[in-house]
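The block underneath contains the structure these notes are about, expressed in structure tokens.
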Amino acid sequence: MPDKLFSQQLWNQFGASIDMLTNCIHSVPDDFFSQHKRAYYLTYHTILFLDYYSSFPPSSFSPLLPFSQLPEEKRPAESIGDMIPDAIYTKKELMHYVEVIRAKCRQLIFSITEETMQTRFTEGAEEGDMDYPFLEILLYNMRHTAHHVGQLQLLIRQHLIEHMEWAFREGESTFTII
């Protein structure tokens, strides 16, 4: 059975990936996302799926910042996937959403029991639908977040000559301007 030590160690790393996302959003000027749409869509996609992959069951997912699913021919060229935000949300709105998800993820990790470990993240029964055990979807979510944070850091570095420090554990990260 998972214990408090397991949950704390998992949260240290999962929370660090959220910290790195927060650092990216915090580091850019208020008008950055309106000027750099690819970075905006990447940020929104990362936040949205951080929330979605933390929703059990996935059918309970209800995003704080709404989106529309658009066919490929109607999507902005800079978008990531078919879930297009209904607005260009402000940095403040994005940061608030991340903080809401942070609390959701922390609660999820610290409430792990033998029973929750048996829970599955199952989208449906069609080919291509996700069906992951509880722990595996948490790890998948952390990897997905870290993957896109790396892409976002590259865009920020290219446009702002700014570098975010590595987050070793949740709560231990800072960003610096170089």
Condition check for residue 109: in contact with a Leu (Cβ under 7 Å, 6 or more places away or on another chain) and part of a helix (DSSP H, G or I): yes
Flag for residue 156 being touching a residue at least 24 places away in the same chain (Cβ under 8 Å), closer than 19 Å to residue 3 by Cα, surrounded by 11 or more Cβ atoms within 10 Å (Cβ to Cβ) and not aromatic (Phe, Trp, Tyr): no
Matching residues in the range 112-130 - criterion: being touching a residue at least 60 places away in the same chain (Cβ under 8 Å), surrounded by fewer than 17 Cβ atoms within 10 Å (Cβ to Cβ) and either outside any helix (DSSP H, G or I) or among the acidic types (Asp, Glu) (or both): 113, 114, 119, 122, 123, 130
Options 172, 78, 93; residue that is within 16 Å of residue 20 (Cβ to Cβ), of a type in the set (Asp, Glu) and surrounded by 12 or more Cβ atoms within 10 Å (Cβ to Cβ): 172
The listed residue being over 15 Å from the mean Cα position of the chain (by Cα), under 15 Å from residue 95 (Cα atoms) and at pLDDT below 95, out of 30, 3: 30
Matching residues, the range 62-105, being basic (Lys, Arg) and within 13 Å of the chain's Cα centre (by Cα): 102, 104
Of residues in the range 10-60 being polar (S, T, N, Q) and in contact with a Lys or Arg (Cβ under 9 Å, 6 or more places away or on another chain), the one nearest to residue 77 (Cα to Cα): 22
Count - residues of the range 30-54 that are in contact (Cβ under 8 Å) with a residue 40 or more places away in the chain and not in a helix (DSSP H, G or I): 4
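The values are calculated or read from the model by the stated rules, or taken from the named source; none is laboratory data. Just so it is clear, the structure is predicted and the values come from calculations on it, not from any experiment. When we count neighbours, we look across all protein chains shown, and the Cβ atoms used for this are built from the backbone with ideal geometry, even at glycine.
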